[in-house]
1. How many residues are outside any helix (DSSP H, G or I), without any contact (Cβ under 8 Å) to a residue 40 or more places away in the chain and within 11 Å of chain A (Cβ to nearest Cβ) if we restrict to segment B:142-182?
2. If B:Ile212 meets every condition in (1) over 30 Å from A:Cys100 (Cα atoms); (2) surrounded by 17 or more Cβ atoms within 10 Å (Cβ to Cβ) apart from one, which number is that one?
3. Do we have any residue at all in segment B:183-202 that's away from chain A (no Cβ under 14 Å), assigned to a helix (DSSP H, G or I) and acidic (Asp, Glu)?
4. Residue check: is B:Val231 out of contact with any Ser or Thr (no Cβ under 9 Å at 6 or more places or on another chain), hydrophobic (A, V, I, L, M, F, W, C) and within 26 Å of B:Pro318 (Cα to Cα)?
5. Pull out all pairs, ordered by first then second residue, where Cβ-Cβ is under 7 Å, the residues are six or more apart or on different chains, the first lies in segment B:281-296 and is farther than 14 Å from B:Asn149 by Cα, and the second is at pLDDT below 85 and among the aromatic types (Phe, Trp, Tyr).
6. Within segment A:73-102, track down each residue that is assigned to a loop (DSSP other than H, G, I, E, B), within 9 Å of chain B (Cβ to nearest Cβ), within 16 Å of A:Asp123 (Cα to Cα) and not small (Gly, Ala, Ser).
7. Looking at A:Val110, A:Val126, A:Val102 in this structure, which one is closer than 20 Å to B:Thr160 by Cβ and β-branched (Val, Ile, Thr)?
8. The conditions are (1) within 19 Å of the chain's Cα centre (by Cα); (2) closer than 17 Å to B:Asp369 by Cβ, and A:Ile94 fails exactly one of them. Which is it?
Amino acid sequence: MAPDEKEQPEKKMTRRGALDLLLAMGGAIWGLGMAVPAAVYLWPARSSGPAEAVVKVGAVNDLAVGAAKMVQSRGRPIIVLRLGADEFKAFSAICTHLGCVVEWDPARTVISCPCHAGVFSPDGQVVSGPPPAPLKAYPVMVVGGEVRVKVS
Amino acid sequence: MIQQAISTVRNWLSDRYPLAEAEEFLEGQAQKPLPAHVSYLHTFGSLALFLMANQIITGILLMVYYRPTGNAAFESVKFIMTKAQLGWLIRGLHAWGANIMIATLVLHMLRTFMMGSFKKPRELTWVLGCFIFFTVLGFGFTGYLLPWNQLSYWATTVGTEVAGAIPWFGSFIKYLLRGGEAVGEETLSRFYVAHVVVLPWVLVGMVSLHIILMRVQGLAPLDPVGEGEHVPAGQGIPFYPDHVFKELVVFPLFFVFLLGIVILFPVELGEKANPFVTPEGIKPEWYFLPSYQLLKYFPKLLGILVSGIPMMLLLFWPFLDRSRERRPLKRPVSVMIGTVGLLLALFFGIVGAMSERNVTWRGRPYHIDLYGIPHNLEKSEDKAASEQGAPDPAGENQKPYPEKGEGG
């Protein structure tokens with residue numbers, strides 16, 4: 001068989017070869033046609049619904065100076081700090097290292113991560129530990145005695 | 001009467017199917033002689049298969065009561081543990097069985113490594129075995145999330161975040177695994193589907209091929225590559241009954257051991273997952289501890305590369321260790337590398353388990369930091385007390401944290 005195959009140049013297409021090729025191509029197209037919709041289906045759907053641009057934290061008087069409060073925006077935690085009478089800060093509470101939720105440590109006045117000992121300053125900057133980037137900050141407004149965080 | 005019924009059925013079947021050939025094939029497989037050195041050490045593979053059957057059966061039973069939704073998952077596992085008859089036993093057998101199965105696979109791989117059984121012509125059986133091992137680790141990772149408790153939620157958050165640090169396509173993988181930005185109900189569905197449908201079929205396929213390859217090529221002898229491959233009939237150890245007997249000794253022993261652990265150390269459930277509070281000292285399962293600990297010493301990307309090296313070495317080992325010798329004493333270098341690798345894994349695993357904990361040693365309290373370095377708490381309390389005299393407004397110097405940016 002082997003010498004025969006050598007004699008036949010590959011360029012020459014037999015009926016059988018053409019059919020095989022057609023079948024293989026058809027199979028590949030069919031497989032792709034099934035795989036692409038499946039992959040698209042698996043791609044996470046964006047969270048729908050109107051995105052709240054402003055998250056209400058609560059009344060100014062409910063948040064003591066030097067205290068912090070956690071609020072949620074679209075299922076993600078936001079940490080709001082009151083550093084002075086009129087000084088508020090808000091950050092995404094998701095640690096930039098491996099995604100754990102940070103906490104306010106009032107005794108040491110730092111934001112700390114319980115997972116890998118990342119420490120952030122009250123400005124959200126990295127003080128120590130493995131986080132590669134500062135916490136994402138959000139603007140805070142006080143409107144009519146109510147603290148609000150602008151998230152988008 | 002019964003004999004007659006059996007022969008009627010036999011005749012009916014053999015009129016339609018090649019029954020005699022099938023019986024002959026099975027008989028041949030049963031009688032196949034194994035190399036003379038085959039011992040109890042060669043039962044780890046089939047023990048893993050036995051434990052896999054345990055996982056499948058208990059897994060199916062757990063699915064009867066388990067509900068894979070964010071609201072119901074934790075409660076349904078609680079129901080299994082407290083209300084369902086013998087639910088604690090089924091979940092215990094599944095959770096502990098998984099751990100023992102992984103330990104058995106490690107022993108099976110260790111035996112194969114030490115006896116050089118992975119060498120020519122069985123390289124691909126080893127490679128396939130490595131993929132089986134990685135798939136089983138995938139089972140562990142996806143199954144860990146399903147009880148939807150704090151530990152599982154945060155271990156999954158950190159685990160998928162690590163996957164997200166893979167260059168180029170990491171964030172794509174992370175997003176696809178999580179089914180969204182954060183670990184949530186979507187992640188639970190995805191992990192559930194992977195754990196109960198996708199991975200089981202992948203595993204069953206790979207294990208079947210692994211066993212077929214093993215049966216076709218026969219078990220590796222201890223002789224150098226190319227020698228002693230054929231065990232003449234009448235020599236060696238018959239698979240049945242000699243080796244099967246060994247397996248039937250080992251299976252019940254391990255099962256009783258497993259039952260003992262399940263009863264003495266009940267699997268805990270902990271607190272329900274709370275995406276807004278990360279608990280202190282979250283740790284993965286023991287088999288991920290070495291790479292978990294390694295990841296702490298390196299920046300994310302480098303850490304992934306460093307903990308990926310042992311996996312790659314494992315996978316490609318048959319193509320690196322190409323000497324003809326199989327006996328461990330005749331290939332000291334490769335046995336040394338294997339031993340050092342195992343000891344390193346044990347070392348980093350133990351450091352990982354001990355890290356971020358307070359322990360008492362010789363009556364003194366120590367805090368073991370995340371790098372595994374112990375700090376005497378009495379001393380640091382003195383230090384903290386003396387520092388209180390001097391103002392330290394930023395409060396940055398109380399604990400020996402690494403400097404900023406070290407973990408890049």
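1. Summing the residues that are outside any helix (DSSP H, G or I), without any contact (Cβ under 8 Å) to a residue 40 or more places away in the chain and within 11 Å of chain A (Cβ to nearest Cβ) in segment B:142-182 gives 3.
2. Unmet for B:Ile212, out of (1) over 30 Å from A:Cys100 (Cα atoms); (2) surrounded by 17 or more Cβ atoms within 10 Å (Cβ to Cβ): (2).
3. No, that holds for no residue.
4. yes
5. Sorted first by the residue in segment B:281-296, then by its partner, the pairs are B:Lys296/B:Tyr371.
6. A:Cys95, A:Val102 - these are the residues of segment A:73-102 that are assigned to a loop (DSSP other than H, G, I, E, B), within 9 Å of chain B (Cβ to nearest Cβ), within 16 Å of A:Asp123 (Cα to Cα) and not small (Gly, Ala, Ser).
7. The conditions single out A:Val102.
8. Single failed check for A:Ile94: (2).
The values are calculated or read from the model by the stated rules, or taken from the named source; none is laboratory data. Just so it is clear, the structure is predicted and the values come from calculations on it, not from any experiment. Virtual Cβ from ideal backbone geometry, glycine too; neighbours counted across all protein chains shown.
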